[in-house]
Amino acid sequence: MRARRVAIAVLAVLAVILLVWAVHGPVLRGLASTLTIEDPLTEADVIVVVAGGAPFRERAAADLYRQGWAPRVVLSRPTNPAAVEALVALGVRSLDLQAESRAAVLRYGVPATAVVALEEPVRITEEELSVLQREARSRKWRRLILVTSPEHTRRVKTIWYRRGNGDMEVIVRPSPYSSGPADGWWRDRRLAETVLHEYLGLAAIYLGVSGWMR
């Protein structure tokens, strides 16, 4: 009797392992795809390049500008990571992230007169969207298109609306040029870190401990 129970237990464990193995692919693909949202396009006051992911977000924003979805492209002023700042201080490296972003959108066909460069420096996405909201209110922008990497879209929209948007509307669009998590992302260390980073960011927002990651 005992041997029979052990055999049944072993078979049950094997069945669970086989089930997990069979469904892990679809489940993990679903986890990654849930991070990406794509709002329908409509005409807006500005197109915003959410800082990071250059030059792929800039290229997507330039596409939208040339298609006539908004008359301006807005660039944030992100601060350099600490390691880069140390290199700049040593005179080994000179890097202005906003200047690079500006050069990219100009290269992709946005005229200089259509570029709005925000002046207040920002470290993380929450600070960036907070500055953007204040700027939008002062300039009376009512609808904004936010362009970012696919896996970043859900967190961007979550941060925006949890801060309170007033009478402003945002349209969040993923850059088609960014390499977001693809099928089998869990086998690629860089992509796995990207997905984990976004889920940690979302968890931090809902737990009320946001404000510590890009």
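What follows is calculated from the coordinates using simple rules that are stated; it is not laboratory data. Source: prediction; values computed, not measured. Because the Cβ atoms are built from the backbone with ideal geometry, glycine has one as well, and the counts that use them run over all protein chains shown.
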Distance in nm between pseudo-label sites at Arg29 and Leu90 (7 Å out along the Cβ direction from Cα): 4.5 nm
Once both label points are put 7 Å beyond Cα along the C-beta direction, the Thr79-Arg66 separation in nm becomes 3.6 nm
What size of dipole, in debye to the nearest 20, comes out for the range 46-182 about its Cα centre when the only charges are +1 on Lys and Arg C-beta atoms and -1 on Asp and Glu C-beta atoms? 440 debye
Work out the charge dipole of the range 128-188 with +1 on the Cβ of Lys and Arg and -1 on the Cβ of Asp and Glu about the Cα centre, then indicate which of Leu132, His152, Gly184 is farthest towards its positive end. Leu132
Can you put Arg189, Arg102, Arg57 in order of Cβ neighbours within 10 angstrom, beginning with the fewest? Arg189, Arg102, Arg57
Counting only DSSP beta bridges with both partners in the range 46-182, the antiparallel fraction in percent, to the nearest 5, comes to 0 percent
For the range 46-182, whose charge dipole is built from +1 on Lys and Arg Cβ atoms and -1 on Asp and Glu Cβ atoms, the candidate among Val49, Val110, Ile171 with its Cα farthest towards the positive end is Ile171
What does the extension gain come out to for Leu207 and Leu106, with contour length at 0.36 nm per residue minus their alpha carbon separation? 32.4 nm
